[in-house]
1. Which value in nm describes the separation of the simple spin-label points at T147 and T70, placed 7 Å from the Cα toward the beta carbon?
2. With unit charges on the beta carbons (Lys and Arg positive, Asp and Glu negative) and the dipole taken about the Cα centre of the chain, which residue among L259, Q141, P162 sits farthest to the positive side?
3. Please label the shape of the stretch 21-162 as rounded, prolate or oblate, based on the square roots a ≥ b ≥ c of the eigenvalues of the alpha-carbon gyration tensor (a/c under 1.5 means rounded; beyond that, a/b larger than b/c means prolate, else oblate).
4. Could you check what % of the DSSP bridge pairs in the chain are antiparallel, to the nearest 5?
5. Past 21 Å, Cα to Cα, is the threshold; run K49/K157; K181/K241; K241/K271; K181/K271 against it and keep the listed order.
6. Just order 57-65, 242-250 by mean Cβ neighbour count inside 10 Å, highest at the front, would you?
7. Hey, got the dipole for the stretch 21-162? About the Cα centre, +1 on K and R Cβ, -1 on D and E Cβ, debye to the nearest 20?
8. Output the DSSP H helices from the chain with an along-axis C-alpha extent of no less than 15 Å and a mean Kyte-Doolittle hydropathy no less than 0.0.
Amino acid sequence: MKTHLAVLALVCAPLLAQQTNPSMLVSTGWLASHLGDQDLVILHTGSAKDYDAGHIPGARLVTLAEISVTDASGLRLELPPAAALADAFGKLGVSDRSRIVVYPGTSAVPAATRVWFTLDYLGLGGRAALLDGGLALWRAQGRPLSTEAAPPPAPEKITPHPSPNRVVTSDWLRTHLKDPKVDLLDTRPPDFFSGANPGEFTRGGHIPGARNVPLAQALRPDGTLQPAGALRELMTPPGGKRRASTVTYCNTGQQATVLYFVGRYLGLDVKLYDGSMQDWSREFGLPVESFAR
C-alpha cells in the first residue's frame, strides 16, 4: 500500500503544481446560469456611455474614479484608504457574503482587472472573479443585454482586510532591483519598454532588471485568457526557474493588473508596483534603462 501511495504521489505532484485558482475566472455560460443568484453582484467596468448602450442584466456600473485617487504628489490611480474602498464597494451592494463578477464593458480588460486587484487588496479576492471574454464575448454569443440601469442597491457593510503586501513602493523596489528572488515584469508594449516611445514621461525606458511581458500576450484575440499552460510559460523567467515573488508594473498601475491577475490565478506570489513608471521615472535618483538611440 505504501508503495502504491508513493507512486500516486509522484504522479499527482506535477498536476498539483499546475493547479490554478478556478474560482477567479468564470465563463459566460456560468454567469448566464447564475444571473438570479441572491448574493451575486455583477460589476460593469467602463463609462456611463457604454453601460447605457448595453450591459449584462443586473450589472452595476463601477468607474475607476470611484475606487482610486490622485495623491498629494500627483500620482494617478492610487489606492484610497481601505475604509474608503469598503464604503465605495458597499454602495455598489457588495458585502462580505457577495459573490462578485467583474467584466470589462469595452475591450479594455485592464479596467476590469484593476477593479479585481482592488477587491483583492481589500480582502475580497477570494469572492471575486473576472468574466472571461467580458461583455464583448457575451454580446458575440447573443446573450441578453439590458439598457436599463440596475435598481440602486441597499448600501452594504464590508469588513476590510487590506493586504499591503500585495503592493510595493519605489523604495521597496529600489532595494530589490538585484534580488534574484524577484521577477520584475514590465507589462507595456515593447516601444515603451525600449524607450522608443517615452509616452508622457521625461525619462523613457524601463526599470533595470525588468523583462518585457506585454499584457496582450496573456489574452486570446477574443479577449479570453490564454490556457493555463501558456500563461505559466509567460510568467516563467528565462531558464525556467521560478522566482519567489513576481512584481508587475506599467505606466500608471492599470495595465499591469492583467498580469497581476494572471499571477494570482496561477497561484504565484505576485505584487503590483502601483505607482509604476509615473512614479519611478520622476525620481531622478532611480535608474532607468533605455535601448532607444
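Quick note: the coordinates plus some simple rules give every number you see, no bench work behind them. Just so it is clear, the structure is predicted and the values come from calculations on it, not from any experiment. Using ideal geometry, Cβ is built from the backbone for each residue, glycine included, and neighbour counts are taken over all protein chains shown.
1. 3.4 nm
2. The residue sitting farthest along the positive end of the dipole is L259.
3. prolate
4. 15 percent
5. In this structure, K49/K157 exceed 21 Å between Cα atoms.
6. 242-250, 57-65
7. 180 debye
8. 2-17, 109-122
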